[in-house]
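The values are calculated or read from the model by the stated rules, or taken from the named source; none is laboratory data. Every value quoted in this text rests on a predicted model; they were computed, and no experiment measured them. With ideal geometry, Cβ positions are generated from the backbone for all residues, glycine too; neighbour counts draw on all protein chains shown. Surface accessibility is based on the protein's heavy atoms, side chains included, excluding ligands, DNA and RNA. Shrake-Rupley method; radii C 1.70, N 1.55, O 1.52, S 1.80 Å.
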There are 2 protein chains.
Amino acid sequence: MIPIDIGRIDDVIHGRVRLGIMTYLANTETADFNELKGALNTTQGNLSVHLSKLEEAGYIEIVKSFLGRKPNTRVRLTRPGRKAFANYLKVIAELLDSTSGGE
Amino acid sequence: MIPIDIGRIDDVIHGRVRLGIMTYLANTETADFNELKGALNTTQGNLSVHLSKLEEAGYIEIVKSFLGRKPNTRVRLTRPGRKAFANYLKVIAELLDSTSGGE
(Lines give C-alpha, C1' and ligand atoms only; values in the text may rest on other atoms or scores of the structure.)
Protein backbone atom coordinates (compact mmCIF):
# COMPACT_ATOMS: atom_id res chain seq x y z
CA MET A 1 0.00 0.00 0.00
CA ILE A 2 1.46 3.32 -1.13
CA PRO A 3 0.11 6.17 1.00
CA ILE A 4 -1.15 9.12 -1.07
CA ASP A 5 -1.02 12.17 1.17
CA ILE A 6 -3.93 14.16 -0.23
CA GLY A 7 -3.92 16.28 2.94
CA ARG A 8 -0.87 18.09 1.54
CA ILE A 9 -2.95 19.58 -1.30
CA ASP A 10 -3.95 23.10 -0.24
CA ASP A 11 -7.73 23.12 -0.56
CA VAL A 12 -7.85 26.93 -0.58
CA ILE A 13 -6.00 26.86 -3.91
CA HIS A 14 -7.13 23.53 -5.36
CA GLY A 15 -10.67 24.41 -6.54
CA ARG A 16 -10.75 25.13 -10.27
CA VAL A 17 -11.65 28.81 -10.13
CA ARG A 18 -9.20 29.57 -7.32
CA LEU A 19 -6.48 27.62 -9.09
CA GLY A 20 -7.21 29.71 -12.17
CA ILE A 21 -6.98 32.96 -10.19
CA MET A 22 -3.69 31.95 -8.57
CA THR A 23 -2.25 30.80 -11.90
CA TYR A 24 -3.20 34.07 -13.53
CA LEU A 25 -1.76 36.17 -10.70
CA ALA A 26 1.44 34.12 -10.58
CA ASN A 27 2.05 35.42 -14.10
CA THR A 28 0.77 38.96 -13.82
CA GLU A 29 1.21 39.75 -10.08
CA THR A 30 -1.84 42.05 -10.21
CA ALA A 31 -5.04 42.07 -12.24
CA ASP A 32 -8.29 43.93 -12.18
CA PHE A 33 -11.60 42.24 -11.58
CA ASN A 34 -12.89 42.40 -15.14
CA GLU A 35 -9.61 41.16 -16.54
CA LEU A 36 -9.80 38.09 -14.27
CA LYS A 37 -13.47 37.56 -15.09
CA GLY A 38 -12.60 37.52 -18.79
CA ALA A 39 -9.50 35.37 -18.47
CA LEU A 40 -11.30 32.71 -16.43
CA ASN A 41 -14.59 33.01 -18.33
CA THR A 42 -16.54 33.07 -15.08
CA THR A 43 -19.37 35.14 -13.60
CA GLN A 44 -19.08 38.18 -11.35
CA GLY A 45 -20.72 36.37 -8.41
CA ASN A 46 -18.61 33.25 -8.74
CA LEU A 47 -15.39 35.22 -9.04
CA SER A 48 -16.28 37.39 -6.01
CA VAL A 49 -16.88 34.34 -3.81
CA HIS A 50 -13.54 32.79 -4.72
CA LEU A 51 -11.59 36.03 -4.40
CA SER A 52 -13.01 36.41 -0.88
CA LYS A 53 -11.80 32.93 0.05
CA LEU A 54 -8.29 33.70 -1.19
CA GLU A 55 -8.33 37.05 0.61
CA GLU A 56 -9.41 35.39 3.88
CA ALA A 57 -6.48 33.02 3.58
CA GLY A 58 -4.15 36.00 3.08
CA TYR A 59 -3.12 34.81 -0.38
CA ILE A 60 -4.32 37.91 -2.22
CA GLU A 61 -5.09 41.54 -1.47
CA ILE A 62 -8.13 43.27 -2.92
CA VAL A 63 -7.89 47.03 -3.40
CA LYS A 64 -11.01 48.97 -4.36
CA SER A 65 -10.62 52.42 -5.81
CA PHE A 66 -12.06 54.75 -8.43
CA LEU A 67 -10.69 55.44 -11.88
CA GLY A 68 -12.40 58.78 -12.41
CA ARG A 69 -15.97 57.91 -11.51
CA LYS A 70 -15.65 54.22 -12.32
CA PRO A 71 -15.15 51.83 -9.40
CA ASN A 72 -12.13 49.62 -9.94
CA THR A 73 -11.18 46.45 -8.10
CA ARG A 74 -7.58 45.33 -8.26
CA VAL A 75 -6.29 42.02 -7.00
CA ARG A 76 -2.70 41.37 -6.02
CA LEU A 77 -0.87 38.20 -5.04
CA THR A 78 0.66 38.54 -1.55
CA ARG A 79 4.00 37.09 -0.52
CA PRO A 80 2.32 34.29 1.52
CA GLY A 81 0.07 33.67 -1.50
CA ARG A 82 3.04 33.27 -3.80
CA LYS A 83 4.68 30.93 -1.30
CA ALA A 84 1.50 28.87 -0.91
CA PHE A 85 1.12 28.62 -4.68
CA ALA A 86 4.73 27.53 -5.14
CA ASN A 87 4.16 24.88 -2.50
CA TYR A 88 0.92 23.79 -4.17
CA LEU A 89 2.75 23.37 -7.48
CA LYS A 90 5.45 21.32 -5.74
CA VAL A 91 2.90 19.00 -4.12
CA ILE A 92 1.02 18.51 -7.39
CA ALA A 93 4.25 17.92 -9.29
CA GLU A 94 5.22 15.23 -6.78
CA LEU A 95 1.80 13.64 -7.23
CA LEU A 96 2.30 13.72 -11.00
CA ASP A 97 5.74 12.13 -10.65
CA SER A 98 4.40 9.36 -8.42
CA THR A 99 2.07 8.23 -11.21
CA SER A 100 4.41 8.55 -14.17
CA GLY A 101 5.69 5.00 -13.65
CA GLY A 102 2.18 3.66 -14.06
CA GLU A 103 1.62 5.07 -17.54
CA MET B 1 -5.01 39.06 -20.79
CA ILE B 2 -3.90 35.42 -20.87
CA PRO B 3 -6.94 33.13 -20.87
CA ILE B 4 -6.71 30.33 -18.31
CA ASP B 5 -8.98 27.56 -19.51
CA ILE B 6 -10.08 26.09 -16.18
CA GLY B 7 -12.94 24.34 -17.98
CA ARG B 8 -10.39 21.83 -19.29
CA ILE B 9 -9.75 20.54 -15.75
CA ASP B 10 -11.91 17.41 -15.30
CA ASP B 11 -13.94 18.14 -12.17
CA VAL B 12 -14.78 14.47 -11.69
CA ILE B 13 -11.09 13.81 -11.03
CA HIS B 14 -9.96 17.14 -9.57
CA GLY B 15 -11.38 16.87 -6.02
CA ARG B 16 -8.72 15.82 -3.53
CA VAL B 17 -10.12 12.42 -2.57
CA ARG B 18 -10.96 11.47 -6.16
CA LEU B 19 -7.55 12.64 -7.33
CA GLY B 20 -6.05 10.44 -4.62
CA ILE B 21 -8.11 7.43 -5.73
CA MET B 22 -7.15 7.91 -9.39
CA THR B 23 -3.48 8.40 -8.52
CA TYR B 24 -3.50 5.24 -6.44
CA LEU B 25 -5.23 3.19 -9.13
CA ALA B 26 -2.97 4.55 -11.86
CA ASN B 27 -0.16 2.81 -10.00
CA THR B 28 -1.88 -0.36 -8.87
CA GLU B 29 -4.66 -0.84 -11.48
CA THR B 30 -6.88 -2.48 -8.82
CA ALA B 31 -7.24 -2.03 -5.08
CA ASP B 32 -9.64 -3.18 -2.43
CA PHE B 33 -11.75 -0.79 -0.41
CA ASN B 34 -9.81 -1.08 2.85
CA GLU B 35 -6.49 -0.67 1.08
CA LEU B 36 -7.72 2.60 -0.49
CA LYS B 37 -9.19 3.78 2.80
CA GLY B 38 -5.82 3.25 4.47
CA ALA B 39 -3.75 4.75 1.66
CA LEU B 40 -5.85 7.92 1.52
CA ASN B 41 -6.44 8.10 5.27
CA THR B 42 -10.13 8.79 4.74
CA THR B 43 -13.41 7.48 6.18
CA GLN B 44 -15.60 4.70 4.82
CA GLY B 45 -18.47 7.12 4.07
CA ASN B 46 -16.31 9.68 2.34
CA LEU B 47 -14.53 7.07 0.25
CA SER B 48 -17.87 5.46 -0.77
CA VAL B 49 -19.28 8.77 -1.98
CA HIS B 50 -16.25 9.50 -4.13
CA LEU B 51 -16.00 5.97 -5.54
CA SER B 52 -19.64 6.26 -6.62
CA LYS B 53 -18.90 9.49 -8.48
CA LEU B 54 -16.00 7.90 -10.33
CA GLU B 55 -18.10 4.83 -11.10
CA GLU B 56 -20.94 7.00 -12.48
CA ALA B 57 -18.43 8.67 -14.79
CA GLY B 58 -17.28 5.25 -15.98
CA TYR B 59 -13.73 5.84 -14.73
CA ILE B 60 -13.68 2.89 -12.33
CA GLU B 61 -15.47 -0.42 -11.86
CA ILE B 62 -16.55 -1.61 -8.45
CA VAL B 63 -16.80 -5.37 -7.96
CA LYS B 64 -18.36 -6.73 -4.78
CA SER B 65 -17.72 -10.34 -3.83
CA PHE B 66 -17.06 -12.59 -0.85
CA LEU B 67 -13.71 -13.90 0.31
CA GLY B 68 -15.04 -16.86 2.28
CA ARG B 69 -17.71 -15.18 4.36
CA LYS B 70 -16.10 -11.75 4.31
CA PRO B 71 -17.55 -9.23 1.87
CA ASN B 72 -14.88 -7.72 -0.34
CA THR B 73 -15.05 -4.63 -2.54
CA ARG B 74 -12.53 -4.30 -5.32
CA VAL B 75 -12.04 -1.21 -7.42
CA ARG B 76 -10.50 -1.20 -10.86
CA LEU B 77 -9.49 1.60 -13.20
CA THR B 78 -11.34 1.32 -16.55
CA ARG B 79 -9.82 2.16 -19.91
CA PRO B 80 -11.83 5.44 -20.15
CA GLY B 81 -10.71 6.20 -16.59
CA ARG B 82 -7.07 5.73 -17.47
CA LYS B 83 -7.52 7.92 -20.53
CA ALA B 84 -9.31 10.63 -18.52
CA PHE B 85 -6.58 10.57 -15.88
CA ALA B 86 -3.82 10.82 -18.48
CA ASN B 87 -5.66 13.80 -19.96
CA TYR B 88 -6.09 15.35 -16.51
CA LEU B 89 -2.34 15.05 -15.87
CA LYS B 90 -1.62 16.67 -19.24
CA VAL B 91 -3.94 19.61 -18.53
CA ILE B 92 -2.45 20.15 -15.07
CA ALA B 93 1.09 19.86 -16.41
CA GLU B 94 0.30 22.52 -19.01
CA LEU B 95 -1.09 24.74 -16.26
CA LEU B 96 2.10 24.18 -14.26
CA ASP B 97 4.21 25.06 -17.27
CA SER B 98 2.26 28.25 -17.92
CA THR B 99 3.23 29.56 -14.48
CA SER B 100 6.84 28.44 -14.35
CA GLY B 101 7.98 31.65 -16.01
CA GLY B 102 6.48 33.65 -13.16
CA GLU B 103 8.52 32.04 -10.41
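Quick notes
- Label-to-label distances for A:Asp97 across copies, nearest first, come out at 1.9 nm, using points 7 Å from Cα in the beta-carbon direction.
- Taking the convex hull of Cα positions in the protein assembly as shown, its mean projected area over all directions (nm²): 12.5 nm²
- Per the Debye calculation on chain B with a single equal scatterer at every Cα and no solvent contribution, log₁₀ I(q)/I(0) for q = 0.11 Å⁻¹ amounts to -0.39.
- Solvent-accessible area per residue, Å², over chain A with all protein chains present [probe radius 1.4 Å]: 54 Å²
- Computed helical MRE - 222 nm, chain A, DSSP H runs ≥ 4 contributing -39500 (n - 2.57), nearest 500: -18000 deg cm²/dmol
- Taking Cα atoms only, the orientation of helix B:79-100 departs from the longest principal axis of chain B by about 30 degrees.
- Note on the stretch A:23-83 and the stretch A:2-17: Cα centroid distance 22 Å, given to the nearest whole angstrom.
- Here B:Glu29 yields copy-to-copy label distances, from shortest upward, of 5.2 nm, the label point defined as 7 Å from Cα along Cα to C-beta.
- Relative to the longest principal axis of the Cα atoms of chain A, the long axis of helix A:44-56 makes an angle of roughly 70 degrees.
- Bridgeable lysines around B:Lys70 (alpha carbons under 28 Å apart, same-chain partners fewer than 8 residues away excluded): B:Lys37, B:Lys53.
- Under the combined filter of DSSP loop state and at most 13 neighbouring Cβ atoms within 10 Å, the stretch B:27-81 retains these GluC sites (Glu not before Pro): B:Glu29.
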